[in-house]
1. On the basis of being touching a residue at least 60 places away in the same chain (Cβ under 8 Å) and within 26 Å of the chain's Cα centre (by Cα), does residue A:200 make the cut?
2. Residues that are over 18 Å from residue B:196 (Cβ atoms): list the helices (runs of 4 or more DSSP H) wholly contained in the stretch B:25-119 that include at least 2 such residues.
3. If you go through the stretch B:266-284 one residue at a time, do you hit one that is among the charged types (D, E, K, R) and more than 9 Å from every other protein chain (Cβ to nearest Cβ)?
4. Show the residue pairs meeting these rules: Cβ distance below 8 Å; 6+ apart or different chains; first residue within the stretch B:303-319 and without any contact (Cβ under 8 Å) to a residue 40 or more places away in the chain; second residue surrounded by fewer than 24 Cβ atoms within 10 Å (Cβ to Cβ) and among the charged types (D, E, K, R).
5. Please state which of the following conditions residue B:193 fails to meet, knowing it meets all the rest: (1) closer than 19 Å to residue B:348 by Cα; (2) touching a His at 6+ places or on another chain (Cβ under 7 Å).
6. Taking the stretch A:210-244 on its own, how many of its residues are surrounded by fewer than 17 Cβ atoms within 10 Å (Cβ to Cβ) and over 21 Å from residue A:155 (Cβ atoms)?
7. Which one of these is small (Gly, Ala, Ser) and modelled with pLDDT of 95 or more: B:117, B:106, B:62?
Amino acid sequence: MDLNYTAAEQKFRDELRAWLADHAPQDWTGRKAPGRSMEEHFAYLRAWQKRVYEGGWAGISWPRQCGGRGATVIEQVIFTEEMARASAPPLANVLGLALIGPTIIAHGTAAQKERFLTKILSAEEIWCQGFSEPNAGSDLASLLTEARPDGSDFIVNGQKVWTSYGWAADWCELVVRTDPAAPKHKGLTVLLIDMRSPGVEVRPLRQMTGESEFNEVFFRDVRVPAANVLGAVNNGWNVALGTLMHERATLGAGLHIVYSRQFQRLVKLAHSIDRNGAPAARDPVVRQKLAQIYAEIEIMRLNQMRSISRISQSGAPGPEGSIQKIFWSELNQRFQQVAQEVLGPFAQLEKGSEFAFDDGQWAYSYLRARGNTIEAGTSEIQRNIIGHFVLGLPRSY
Amino acid sequence: MQFGLTETQQLLKNSARDFFPAECPMAEVRRIMEIDGAYDVMLWRLLAEHGWTGMIFDEEHGGMGLGLVEMAVAAEEMGRILLPGPYFSTVFLAGALLNALPKNTGRNACATAICEGRERATVALLEESARWDTGGVRMQVVDGRLTGRKLFVPDASAAECLLAIVRAGDELAITQVHNAASGVSIRAMPSIDRTRHLYAVDFDQVEVEILATGDEAQRALDRAMDIATVALAAEMVGGMERITEIAVDYAKTRKQFGKPIGQFQAIQHQCADMLLLTESSRSAAYYAAWALQENAPDARTAVSVAKSYASEAYREAGNRAIQVHGGMGFTWENDLHLYYRRAKASEIAFGDAAFHRERIARMVIDA
C-alpha cells in the first residue's frame, strides 16, 4: 500500500496543471452564465472541449491509435481532479468521451472507429445514449423500441426517455429490439443513429429543478444503415452493459472534489450564520452533522482510490462501481439536507432572490440531489447488482 | 499510487487467515470467554511463538518492527474470529504506548517481556468521568505513589504491567505499575463484550515508576491512542466482513416460501448494505493506518474519520446480519450476538462516533 504518486504520475499532473493554467477559461463561473441561452452555453462548452482536444487532453484514457494517450486509470483520476481544481468547465461531449467512445473502441468496426472517434474527441459531433424507455427503466432489457431489417437498412420505431444532451446531440448510441421472439436480453442490438435522420423528434423533458437536462426522443420509421450496428446483431445487451459499467466507474470520479468545495463553502457560511445567538459553526448539533458529511466525503474519496487501484490491476470496471454509485448519491442527499439545516430559512431561496446565498445554489442542489439515487441506475438496482454479482445471491427476477 | 496490499502485506494476511481460525475457532472463543480475563495460557503461548506479540515492537526488544498497515492487516484478521483476551490491550494499546515513550529500563523490560510472551500489559486511562480525552484524568501521583480508582481498564486481570495515565500536579504523567504490587486491587466490570473483559482498578499508595510527564507524556499518549484507534477500526472491519459472510451464507441456504431467502430483494439489500458499510470502513481504516505510518498532515483527522464511521457501521452491519437470520439470530447458540456485543464495545472504546466527529469538527471547522 503506497498512496504517494509515482514520479510519472506526478509529472503527468504537473504537465496538465501547467496546461490548464494557460488554457482554462477565466470567465467560467461554475454554472451556466447568466443571460446565456442553453444553446450559447453549450457552444461555449463545445469550444472549450475543442481547445482541450487541440492540447491533446481529450479522451486521454483512449488508446493512442484511437487518438487518446493510453492514460492509466490513475492518470484519468488525476485528470478529473485537476480539471476540478482549475475550476475548468465540463467537456461538452462527456457521454461520447466517457461512455460511448470506449464502447465503440471495444465493439466497433475499423470503419466505425475511423468515422466516429476523432469527431467525439474534438466535440465536432455530440453524442447521447438512447437506453431508457417509458416502460423500460430499471428493467432495461424489456425495452420495446424496435428495429426491423429492410434491405441493407433497419427501420426504427419507438420512444426513448431521460436522454441527456438529446437536444444537442448529433449521434445516439441506441439500444433496440431486433428479435422480438428471443428472450429479452438476447434480442437486443445497438445502433449508431444520426439524430438528424428523418423521423427523429426530440422534446425537452422538464425536471423538478425547472431545468431540461433530459429529453424524450421519438423515432418514427427512422432508416439506419446496417453498417451502423455496433457489435453483432442481437448482442446489444453485452455492448450496452459495457457502457453501463463505464458509467458507474467514471461518473463519480471527480465528485469528491466538487463535494469538498461545496463543503468548504458551507463551513465558511456556518461561521457567519447565527444559530441561537452564536455562529452555527459553534453549535454542537451542527458540528456533528458537518463532521459526519466531512467523514463521508473523505470515505467516498478513499473508496474511489481503492476502486481505481483495483481497476488498474484488473483492467476493467467491475460491479464494485455499484457501491460507489450508492455511496455518492445517498451522501449527496444527506449533504444537501445538512446544508439546508445549517443555512436556515435562506437555504430555500432560489436563483433570482437578492437574499439568496450563492445565487440560489443551495436550493438548486437540494432539488438536484433528489435525482441522484435514480439516475444512472436506481439505488435499488445497484443493490440488486451487489446482491447478485458481488455476493452471489440468487437473482430475484 | 497503489491503494492495495503489497505482496508481503498480502502474505501476512494469508498467514493470519490460516493461523487464527485454526488456532482459535469459535468453540474456543466461547470456552475462553468464560475464563477470568478471557486469558488462555496455551493460546497466548501460540501467539508469542508465531511472533504476533512482537509484531509492532522494535527488533532490539525481540519484536518484528512491522508498520501500521501491517498492524491493520493483522487486526482485521483477529477481528474476523473475535480473538478473545488481552492481545489487543497488550500489543496494540500498551504496546503502542510503550513504543511512543522514550527508552528506559522499565519500559524496555516490559516491551521485551511482551515480545517474548512472558507478560501482558494494559493502559488505565478512564476514571469516574469516563472521558476518553485526558481532561478527565484527575488521579495524582504523589511522591512516587498512586492512590485512586481507574475504570474500564481492559484485560487488567491478565496484565502484569499496568500503564496508568495520571497527573503529577497539573502535568499529565504516564506511570508503570506492576499488577502484583501491594495496594493494587482489581474487580471485574461485567460488560457487553464477553470476549474482552473490563475491570475497575483501585490504587492505594501504590509505588509506581514515572515513564514520562508533561508534553512528552501527552504526545506519547496521543500517538498511542491514534494507533490503537486505527487498530480497533481495522479489527471492526474484520468483524463486519465476517458477519456479512455469515449472513450471506445463511441467506443462500435458508428457505421460506419455497425459495432461498437471499432471492428476496428485502434480504439482498440488507446484505448489499453490509458490504457497503464494510468496504467503506475498510477504505477509511487502511487510509488512517497509512497516514499515521507516513505522518501525513491529515493523519489525526483520518483516524477520527475511520473510527466514527466504523463505530456506526459495525453496529449497523450487526443489526442487519441478525435481522437476516430472523429468530435464529437472536439465540445464544448463534455466534452473531458475540459480534454484536463486540461491535457495541468497540463503538464505545477510544471514543464513539460523536466523540470523533467533534474531533473532526475541531480540525476541519475550527481550523
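The values are calculated or read from the model by the stated rules, or taken from the named source; none is laboratory data. No experiment lies behind these values; they were computed from the predicted model shown. Cβ: placed from backbone, ideal geometry, glycine included. Neighbour counts: every protein chain shown.
1. no
2. B:41-49, B:68-80, B:96-100, B:105-115
3. No, the stretch B:266-284 contains no residue that is among the charged types (D, E, K, R) and more than 9 Å from every other protein chain (Cβ to nearest Cβ).
4. B:315/B:344; B:315/B:347
5. (2)
6. So the answer is 5.
7. Testing whether each residue is small (Gly, Ala, Ser) and modelled with pLDDT of 95 or more leaves just B:117.
For (1) modelled with pLDDT of 90 or more; (2) loosely packed, with under 13 Cβ neighbours inside 10 Å; (3) under 24 Å from the mean Cα position of the chain (by Cα); (4) more than 20 Å from residue A:88 (Cβ to Cβ), each residue gets a yes or a no:
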| residue | (1), (2), (3), (4) |
| --- | --- |
| A:9 | yes, no, no, no |
| A:14 | yes, yes, no, no |
| A:21 | yes, yes, no, no |
| A:24 | yes, no, yes, no |
| A:30 | no, yes, yes, no |
| A:36 | no, yes, yes, no |
| A:44 | yes, no, yes, no |
